[in-house]
Amino acid sequence: TMRKPVVDMADCTHCDGCVEMCPEIFSKQFGQIEVADLETYPEDEVNEAIMYCPENYIFWDEQP
């Protein structure tokens, strides 16, 4: 299985903390947070962004 970070844009407050913490993973495009399409994601960095998100709108999606 592959784990991919997901940002719940329906409720995102656009604090841009994830972009500041992990610019190689998260970016802001046209007012939306985009997740880079990577083969694997650095777990520690994504987990830090998840913990930093004030509204807990970043989570891991388990993909088969």
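The values are calculated or read from the model by the stated rules, or taken from the named source; none is laboratory data. Source: prediction; values computed, not measured. Please note: Cβ atoms are built from the backbone with ideal geometry, for glycine as well, and neighbour counts cover all protein chains shown. Note: accessible area is taken over every heavy atom of the protein model, side chains too, but ligands, DNA and RNA are not part of it. Shrake-Rupley method; radii C 1.70, N 1.55, O 1.52, S 1.80 Å.
Probing with 1.4 Å while keeping every protein chain in the model, the per residue accessible area of the chain equals 66 Å².
Maximal additional length on extending the residue 15-residue 28 stretch stands at 3.6 nm, based on 0.36 nm per residue less the C-alpha distance. Distance between the pseudo-spin-label points of residue 40 and residue 6 (7 Å out from Cα toward the beta carbon): 2.3 nm. Solvent-accessible area assigned to carbon and sulfur over the chain amounts to 49 percent, based on a 1.4 Å probe.
The angle between the Cα long axis of helix 43-52 and the longest principal axis of the Cα atoms of the chain comes to about 30 degrees, rounded to the nearest 10.
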